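Comments concern the structure below.
The values are calculated or read from the model by the stated rules, or taken from the named source; none is laboratory data. This structure is a prediction, so every number in the text was calculated from the model and none was measured. For neighbour counting, all protein chains shown are included, and Cβ atoms are generated from backbone atoms with ideal geometry for every residue, glycine included. Ligands, DNA and RNA are excluded from the accessible area calculation, which covers all protein heavy atoms including side chains. Shrake-Rupley method; radii C 1.70, N 1.55, O 1.52, S 1.80 Å.
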Amino acid sequence: MDQQSFLDALLPAGFGRNARLERISGLLDWTRIEALVVAVRPGETGRPPYSPLSMFKALLLQQWYGLSDPGLEEALLDRVSFRRFCGLALDAATPDETTLCRFRNALKQAGLGEALFCEVLRQLEAAGFVLKTGTLIDATLVQSAVRPPPSRSTPREQESRSPQDPDANWTRRG
């Protein structure tokens, strides 16, 4: 499952380590998951496909870390811990965003997406873990580049929004 290369062997112990991902990886019975996902083999023509289990693990990371397809592609190129979790050697190619999207669609088309995610959830719950998603809200105050707030405004003016950026609004410190 894990593809180690000469480059991987040269790295110091603990390089790119992610204890949380290592713990999750150790809790799951990947053979059961692989038995389900092996049926999905998109890309019968062209380049050899990536391992279905590696692709599914990448989709798990995408779900857990709230990444878009381009964000997942970038994270797989950038984060050693993600590559290791997926079983990709450091000098191996990584799937691009289109490949990831096609694999997810193939899972859905085969009717396996839900079953696979449920199996992962079932195994984690059996080990006594609950998977929860959270939301991080950034409340940093920044100066608007579109329309600076007026020095004194009426309640009606405070409700108006910029036509260039309708999500932007303002507040006053203190």
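Below, the figures for the structure above:
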read-out: Enumeration of residues in the range 51-78 that are closer than 22 Å to residue 31 by Cβ, part of a helix (DSSP H, G or I) and not charged (D, E, K, R); value: 52, 53, 54, 55, 56, 58, 59, 60, 61, 63, 64
read-out: Conditions (1) over 18 Å from the mean Cα position of the chain (by Cα); (2) at pLDDT below 90; (3) surrounded by 12 or more Cβ atoms within 10 Å (Cβ to Cβ); number of the one not met by residue 142; value: (3)
read-out: Index of the failed condition, residue 70 passing every other in (1) under 27 Å from residue 129 (Cβ atoms); (2) in contact (Cβ under 8 Å) with a residue 24 or more places away in the chain; (3) out of contact with any Phe, Trp or Tyr (no Cβ under 9 Å at 6 or more places or on another chain); value: (1)
read-out: Tally, over the range 17-50, of residues that are open to solvent by 80 Å² or more (accessible area, probe 1.4 Å), at pLDDT 90 or above and assigned to a loop (DSSP other than H, G, I, E, B); value: 0
read-out: Entirely in the range 79-134, the helices (runs of 4 or more DSSP H) that have 1 or more residues that are acidic (Asp, Glu) and open to solvent by 40 Å² or more (accessible area, probe 1.4 Å); value: 97-109, 113-126
